[in-house]
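S.K.: Take this structure, written in structure tokens, and hold onto it; I'll ask about it next.
The values are calculated or read from the model by the stated rules, or taken from the named source; none is laboratory data. Since the model is a prediction, treat every value here as computed from it, not as a measurement. Backbone-built Cβ (ideal geometry, glycine too); neighbour counts: all protein chains shown. We work out accessible area using only protein heavy atoms, side chains counted, and drop any ligands, DNA or RNA first. Shrake-Rupley method; radii C 1.70, N 1.55, O 1.52, S 1.80 Å.
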Amino acid sequence: MRRTGSRAWLLWLLPLAFLLFFFYQPLLAIFRQVFSERFNQGWQFFSWDLLTRPLGFTLWQAFLSTLLTLLIGLPAAYLFARFDFPGRKGLRTVSLLPFILPTVVVATAFNTLIGPRGWLNILLMNLFNLSSQPINLLNSLSAILLAHVFYNTSIVIRMVGNALTRLNPHYDEAARVLGANSWRVFKEVSFPLLMPSILGAALLVFLFDFTSFGVVLMLGGPQYATMEVEIYNQAMNRLNLPMAGLLSIVQLAFTLIITLLQNQVNNPRYGKAALSSERNTLVKPKTRLQKLTIVLLSLLVIILFVTPILSLVSRSLVTFEATRGERGEIETGLTFRYYSELFQNRTGSIFYANPLAAVRNSLVFSLLTMLIATSLGLVSAYALASSGKFTRWLEPLFMLPLGASAVILGLGFLITFNRSPWNSGPFPMLIPIAHSLIALPFAIRTILPAILGIPNSLREVARVMGAKPWKVFREVDFPVLLRSIIVSLAFSFTISLGEFGASSFLSSPQTPTIPVLIYRYISQPGALNYGQALAMSTLLLLTSAAGSLLIEKIRLPGEELF
Amino acid sequence: MLRVEEIYKDYDGKPLLKGISFEVRQGELVCLLGSSGSGKSTMLRIIAGLEEPKSGRVFWNNLDYTQKSTHQRGFGLMFQDYALFPHRTVAENVAFGPRMAGRSKAEIDASVEKALATIHMQEFANRSVIELSGGEQQRVALARALAPDPCLLMLDEPLGALDHNLRTELLKDLRKRLHDSKKPVIYVTHDQEEAFALADRLLLLNEGRMVQKGAPEMVFKQPANAWVASFLGLGNLVPGRVIASNQVETELSTLELAVPAELAPGTQCMLLLRPQDALLGERATSLPGHLRAVVRDSVFQGDYYRLEVLVGSTLLQVHSQEDFEINQPLSLAWSQSTLQCLPLLGTAP
């Protein structure tokens with residue numbers, strides 16, 4: 001118990017009310033939608049095919065993506081955690097960057113690499129003097145897998161690498177002294193001790209791949225629909241809300257199971273015992289095999305993580321189009337046109353989405369999200385840090401939103417709040433609220449460890465010396481928490497800025513956000529639309545990268561983000 | 001028999017071990033004693049093959065082991081934090097060594113049984129090691145280290161992680177077990193009580209150099225230099241200067257004693273005045289050149305009183321059979337044979 005007794009439950013009120021109204025109510029609405037339709041109309045809306053096809057594909061691609069991610073992530077994690085080599089820090093930062101990148105940016109980046117207008121095609125066309133694009137990796141399973149690996153390898157590197165650096169080196173050494181050779185040390189000691197973190201990372205990666213939306217929508221094309229994409233499709237294109245609801249329920253059940261499994265493997269009884277505060281020291285690679293592996297893996301990291309980013313940025317600055325009317329003649333050159341076009345309003349059409357308006361929308365939403373998520377996160381973290389009866393009962397309620405995807409949230413909001421006062425007026429308040437729900441778990445996880453880290457005796461000393469409760473917070477807690485609060489602000493801002501799933505449900509044609517507008521641009525034909533999508537993606541990339549670097553700089557070392 | 005020759009090792013670019021040589025004979029228990037950071041643990045890690053020396057060699061029975069892999073050496077090492085495998089039970093931890101040696105299932109079971117019986121922990125066999133108390137973990141770690149029947153046993157501060165009462169209790173226990181094992185043992189510690197209680201021979205390490213080797217009694221009686229006397233807490237150390245082969249000048253007075261031959265006149269030295277050898281009152285006044293002191297403090301210690309006395313501007317500790325009043329004047333002397341003149345640095349046999 002960190003605060004004195006009876007008033008702790010008051011802390012629960014605000015975040016609890018917020019969650020009940022904005023998370024559990026929409027969730028309930030989805031259930032109600034499905035079952036009232038079932039009783040009124042029977043199963044007309046339902047077909048097995050609509051459920052099994054996306055479910056099967058979702059599981060299959062998540063399995064493949066996870067496997068590939070581990071295949072690259074585990075050696076990379078080992079490399080970064082154990083060896084000292086030139087460029088290690090830079091490569092590690094690069095490999096950790098994707099985690100925070102918005103899905104639309106990643107999808108666009110891969111589009112500029114392997115899409116019809118991408119560098120790979122341009123290169124092949126130039127090399128062999130072709131008049132049409134020879135390959136199209138877009139709208140394929142490979143594109144989805146590639147993007148998922150790009151995204152989630154950072155999770156493996158972070159989680160497993162962290163466990164590797166904190167694993168007490170004496171275990172390996174004790175095994176060696178007891179007569180175990182390198183292989184048996186690995187098989188009998190290191191691997192079993194790392195297993196919980198490997199499994200934990202694998203399940204988290206699987207969860208992210210399972211709930212992937214933006215990447216699949218933009219790189220998979222119509223024939224590769226995951227559950228999330230199918231929910232979106234049923235709700236927004238087919239207007240079959242009950243089916244979308246049913247898919248959401250199945251999806252939610254699966255994510256819940258994965259999350260529960262994850263909690264299971266994350267708490268092995270020996271987890272804490274195996275980790276020491278003593279850090280393993282890095283060693284210089286010695287054998288030729290080690291050096292070769294390091295070079296190859298570094299190359300792989302560069303190809304996988306740097307190429308798509310460079311490809312996006314460079315492609316946004318280059319025009320490469322057949323001149324109108326003259327087939328085969330290709331106009332090439334450096335250009336800032338895609339950027340300058342962002343600031344010009346060319347049509348009076350109501351469907352014309354003004355990029356500047358999108359930037360303004362996104363900034364307003366992100367600032368609001370930042371404030372809502374962080375203040376709710378702060379209060380929730382204090383509530384969770386108190387160890388009353390309430391905590392045990394209510395903690396699961398707080399952590400459940402983690403399992404709900406942005407798309408389900410969007411659908412729930414659509415069903416629940418598609419009435420006044422929510423949908424009226426020029427300002428869609430729902431988007432920052434949805435974003436806050438998505439960012440809240442991250443905010444809590446950033447702030448809670450810092451609160452738990454403040455010794456209660458510090459507060460007691462302040463109280464004994466006559467500080468009032470507010471003063472105690474101001475003088476003791478706040479200075480310690482400041483760092484975490486800034487991280488939480490930056491984190492929720494960045495999450496909101498790049499959020500696509502919920503926004504795609506909730507933004508109206510007149511009030512798009514930046515990611516929604518990028519998606520709209522890139523799905524339309526025409527070089528200019530394509531270029532503008534790239535230009536916006538590049539700007540979003542830079543903002544997110546800046547946010548990510550800021551977070552890495554100020555967050556306390558060893559803090560877990562998941 | 002273990003022999004290490006001229007071991008040098010750098011740590012973070014600074015020299016940590018500066019030419020360490022010693023031997024451990026069959027059945028001998030050797031204590032490697034030194035303050036923290038003196039390189040004791042690193043010495044063990046080099047013998048175990050966990051770290052490579054910058055130069056120097058490690059021999060076992062006259063075979064050069066310097067380049068041999070750790071797992072092929074057949075030595076045992078017990079870590080200060082015990083490093084019991086947390087994902088394995090007590091019995092599995094003990095069975096690890098015999099299993100790696102490729103013994104048969106029956107042999108492994110037998111050796112585990114025997115090892116657990118010696119530490120009286122048979123009923124703990126299937127417990128998880130993380131449920132054990134500190135003392136139990138220490139016993140299991142020792143059983144695990146002994147189970148594969150190592151030809152040399154090394155212990156790195158085996159009692160360091162335990163609280164004081166438990167240490168005293170386990171020290172007796174450990175002494176019996178180590179002697180019963182009849183194996184050569186290197187025992188690393190910074191605690192001189194442990195070292196005196198256990199060792200057949202002491203090796204004292206200071207700033208990367210072997211300062212003194214010898215039986216505990218010998219080290220106690222003949223500390224090689226001022227650092228050894230100070231580290232072992234042997235008594236008052238008063239700086240002085242040799243002025244003749246039988247005279248040392250100090251801030252107390254000029255004292256007469258036998259000065260070792262290697263300390264030529266003019267050399268700076270330290271006088272060791274042991275509290276328990278101090279002569280007080282009338283027994284002092286009969287000696288020529290006795291000191292005039294004033295009592296500053298007196299603490300009852302059971303068998304004696306520990307007095308803090310001021311001689312001129314120097315505070316000294318002496319033991320007394322009777323109590324004294326604070327500020328009471330006192331005559332004080334040491335007989336010539338109990339005074340020792342120690343070099344500031346340097347080694348003794």
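S.K.: Before we move on, is B:T70 away from chain A (no Cβ under 14 Å) and over 25 Å from B:G214 (Cα atoms)?
M.R.: Against the criterion (away from chain A (no Cβ under 14 Å) and over 25 Å from B:G214 (Cα atoms)), B:T70 does not qualify.
S.K.: Further question on the same structure: Among the helices (runs of 4 or more DSSP H) contained in the stretch A:35-148, which hold 3 or more residues that are open to solvent by less than 20 Å² (accessible area, probe 1.4 Å) and either within 17 Å of A:L312 (Cα to Cα) or modelled with pLDDT of 90 or more (or both)?
M.R.: By residue number, A:48-82, A:103-114.
S.K.: Taking A:Y519 as meeting all but one of (1) in a helix (DSSP H, G or I); (2) modelled with pLDDT under 85; (3) aromatic (F, W, Y), write down the number of the exception.
M.R.: (2)
S.K.: Given the conditions (1) within 14 Å of another protein chain (Cβ to nearest Cβ); (2) touching a Pro at 6+ places or on another chain (Cβ under 8 Å), which single one is not true for B:E52?
M.R.: Of everything listed in (1) within 14 Å of another protein chain (Cβ to nearest Cβ); (2) touching a Pro at 6+ places or on another chain (Cβ under 8 Å), B:E52 misses just condition (2).
S.K.: Within the stretch A:546-562, identify whether any single residue is part of a helix (DSSP H, G or I), within 26 Å of A:S248 (Cβ to Cβ) and either modelled with pLDDT under 85 or open to solvent by 50 Å² or more (accessible area, probe 1.4 Å) (or both), and answer yes or no.
M.R.: no
S.K.: Right, next: Of the residues B:L307, B:L316, which single one is free of Cβ contacts under 8 Å to residues at least 40 places away in the same chain, open to solvent by less than 60 Å² (accessible area, probe 1.4 Å) and in a strand (DSSP E or B)?
M.R.: Exactly one of B:L307, B:L316 is free of Cβ contacts under 8 Å to residues at least 40 places away in the same chain, open to solvent by less than 60 Å² (accessible area, probe 1.4 Å) and in a strand (DSSP E or B), namely B:L307.
S.K.: Filter the stretch A:130-169 down to the residues that are free of Cβ contacts under 8 Å to residues at least 12 places away in the same chain and within 14 Å of another protein chain (Cβ to nearest Cβ) and list them by number.
M.R.: None - no residue of the stretch A:130-169 is free of Cβ contacts under 8 Å to residues at least 12 places away in the same chain and within 14 Å of another protein chain (Cβ to nearest Cβ), so the list stays empty.
S.K.: May I ask you to say which residue of B:A83, B:A101 is within 11 Å of another protein chain (Cβ to nearest Cβ), within 30 Å of B:D200 (Cβ to Cβ), open to solvent by 20 Å² or more (accessible area, probe 1.4 Å) and among the hydrophobic types (A, V, I, L, M, F, W, C)?
M.R.: Among B:A83, B:A101, only B:A101 is within 11 Å of another protein chain (Cβ to nearest Cβ), within 30 Å of B:D200 (Cβ to Cβ), open to solvent by 20 Å² or more (accessible area, probe 1.4 Å) and among the hydrophobic types (A, V, I, L, M, F, W, C).
S.K.: Could you figure out which of (1) touching a residue at least 12 places away in the same chain (Cβ under 8 Å); (2) under 19 Å from B:P184 (Cα atoms) isn't true of B:K18?
M.R.: (2)
S.K.: Given the stretch B:195-262, what strands (runs of 3 or more DSSP E) lie entirely inside it while holding 1 or more residues that are modelled with pLDDT of 90 or more and surrounded by 18 or more Cβ atoms within 10 Å (Cβ to Cβ)?
M.R.: Per the criteria, B:201-206, B:209-214, B:236-244, B:247-250.
S.K.: Looking at the stretch B:147-197, which of its residues are of a type in the set (A, V, I, L, M), over 9 Å from the mean Cα position of the chain (by Cα) and over 16 Å from B:Y82 (Cβ atoms)?
M.R.: Those that are of a type in the set (A, V, I, L, M), over 9 Å from the mean Cα position of the chain (by Cα) and over 16 Å from B:Y82 (Cβ atoms): B:L152, B:L171, B:L178, B:V185, B:I186, B:A197.
S.K.: Search the stretch B:36-48 for residues that are within 13 Å of chain A (Cβ to nearest Cβ) and pair each with any residue that is in a helix (DSSP H, G or I) when their beta-carbon atoms are under 9 Å apart and the residues are at least 6 apart or on different chains.
M.R.: The qualifying pairs are B:R45/A:E173; B:A48/A:E173; B:A48/A:R176; B:A48/A:V177; B:A48/B:T70.
S.K.: Within the bounds of the stretch B:71-79, is there any residue that is open to solvent by 40 Å² or more (accessible area, probe 1.4 Å) and in contact with a Gly (Cβ under 9 Å, 6 or more places away or on another chain)?
M.R.: Yes - at least one qualifying residue is present in the stretch B:71-79.
S.K.: Of everything in the stretch B:278-293, what is open to solvent by less than 50 Å² (accessible area, probe 1.4 Å) and either at pLDDT 95 or above or outside any loop (DSSP other than H, G, I, E, B) (or both)? Give them in sequence order.
M.R.: Once the filter is applied, which keeps residues that are open to solvent by less than 50 Å² (accessible area, probe 1.4 Å) and either at pLDDT 95 or above or outside any loop (DSSP other than H, G, I, E, B) (or both), the stretch B:278-293 yields B:L279, B:L280, B:A284, B:L291, B:A293.
S.K.: Let me ask something else. Going by the structure shown, is B:S111 over 22 Å from the mean Cα position of the chain (by Cα) and not aliphatic (A, V, I, L, M)?
M.R.: Yes, satisfied.
S.K.: Scan the stretch B:86-98 for residues that are facing chain A (nearest Cβ under 8 Å) and open to solvent by 10 Å² or more (accessible area, probe 1.4 Å) and report the count.
M.R.: Result for the stretch B:86-98: 1.
S.K.: Determine the pairs where a residue that is at pLDDT 75 or above, located within the stretch A:330-343, has a partner that is open to solvent by 80 Å² or more (accessible area, probe 1.4 Å) with Cβ atoms under 7 Å apart, the partner being 6 or more residues away or on another chain.
M.R.: As it stands, the answer is none, since no pair meets every condition given.
S.K.: Taking the conditions exactly as written (within 14 Å of chain A (Cβ to nearest Cβ) and open to solvent by 30 Å² or more (accessible area, probe 1.4 Å)), does B:A143 satisfy them or not?
M.R.: No, not satisfied.
S.K.: Here are the criteria: (1) touching a residue at least 40 places away in the same chain (Cβ under 8 Å); (2) in a helix (DSSP H, G or I); (3) more than 14 Å from chain B (Cβ to nearest Cβ). Tell me which single one A:I257 does not satisfy.
M.R.: Only one criterion is unmet by A:I257, namely (1).
S.K.: May I ask you to list the residues in the stretch A:442-471 that are of a type in the set (D, E, K, R) and open to solvent by 60 Å² or more (accessible area, probe 1.4 Å)?
M.R.: Those that are of a type in the set (D, E, K, R) and open to solvent by 60 Å² or more (accessible area, probe 1.4 Å): A:R445, A:E460, A:R463, A:K468, A:K471.
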